[in-house]
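Contents: one structure, followed by commentary.
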Amino acid sequence: MKYQAERELVIKYAVEMEDRDLTVGTSGNVSMRVDDGAIITPSTIPYKEIRPEDCCLLDLEGGVLEGEKIPSVEHKVHLECYKARSDVNAVIHAHPTVASAFAAARIPLPAFLDEFGVYVGDEVRVAEYAISGTVEIAKSAVDTMGETANAVFLASHGMVCVGRDLAGAMHVARQVERGAQIYLWTKMLGGPVDLPEDSKNLFAQVFAFYRTR
Ligand SMILES: [Zn+2]
């Protein structure tokens, strides 16, 4: 079996996703890029019960290279991220409470905090609704995220976060959920004050530097 260490890493972050309440039960999924394609969590197995051999090795077109389990239903979203963005080596798809509320209301989350712009990008936009698991949802997610953000909301569903590695994608996922919470509190206090243009430009440059470094 290839990629033992990578499979263990994918499982570690899938368990962390659940432990951090970024998703519930077997919903969501985690993957990382490897030379042959991507390693992704299997469908319907509780995260804490997944063994390395249960993870699926897919080529970027979705062909199963190794693994007897069914790959996560959202694997097309992951693969589209890898195809569209050479800087992306890890993808986390999750359904955290507050971020999912933004996805349900179809309200984008702007970069209203300093750190947010550096790690998450200019805005978490909302990809048009499409049925879970389809090519349409995968394309819509990647097109809507673009190259200026590392996260996107899936309308009436959840979010997709990307990073140069799993630690980076997890950091983005946590920032988005926390940012969504802070945004709600800020709205109750009258709404966020817009950041100065030169700060926004600086964060955009730092974001692009980290992304393409
Ligand atoms: Zn989902």
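What follows draws every value from the coordinates through simple rules; no lab data is involved. Predicted model, so just to flag it, every value in this text is computed and none were measured. Virtual Cβ from ideal backbone geometry, glycine too; neighbours counted across all protein chains shown.
How many lysine pairs does region 4-212 hold where the Cα atoms are under 23 Å apart and the two sit 8 or more places apart or on different chains? Walk me through the intermediate numbers first.
On the way: 12/48; 12/69; 12/76; 48/69; 76/139; 83/139; 187/200.
So the count of such lysine pairs works out to 7.
Hey, if you drop one equal point scatterer on each alpha-carbon of region 1-116 and run the Debye formula without solvent, what base-10 log of I(q)/I(0) do you get at q = 0.23 Å⁻¹? With no solvent term, the Cα-only Debye profile gives -1.29. When only the Cβ of Lys, Arg, Asp and Glu is charged (+1, +1, -1, -1), the dipole of region 4-212 relative to its Cα centre reaches about 400 debye. Calculated FRET efficiency, residue 87 to residue 48, Cβ-Cβ distance, R0 = 25 Å: about 0.20 to the nearest 0.05. For residue 121, the amide hydrogen comes within under 5 Å of the amide hydrogens of 150, counting only partners 5 or more places away or on other chains and with H modelled in the peptide plane.
Phi angles across region 121-130 convert, under the Karplus curve 6.51 cos²θ - 1.76 cosθ + 1.60 with θ = phi - 60°, into 3J(HN,Hα) values of x, 6, 5, 8, 7, 9, 6, 4, 5, 8 Hz, Gly and Pro given as x. Using the Cβ-Cβ distance between residue 35 and residue 101 with R0 set to 30 Å, the FRET efficiency from 1/(1 + (r/R0)^6) comes to roughly 0.20.
Per-residue ellipticity at 222 nm for the chain, helices alone: DSSP H runs ≥ 4 residues times -39500 (n - 2.57), over residue total, nearest 500 deg cm²/dmol?
On the way: 7 runs with 91 residues, N = 213.
It lands at -13500 deg cm²/dmol.
Exposure proxy ranking for 88, 160, based on other Cβ atoms within 10 angstrom of each Cβ and starting from the fewest, stands as 88, 160.
Viscosity 1.567 mPa s, temperature 4 °C: give me the Stokes-Einstein translational D for the chain in µm²/s, with Rh taken as the Kirkwood radius over C-alpha pairs. Taking Rh from Cα pairs, D becomes 76 µm²/s.
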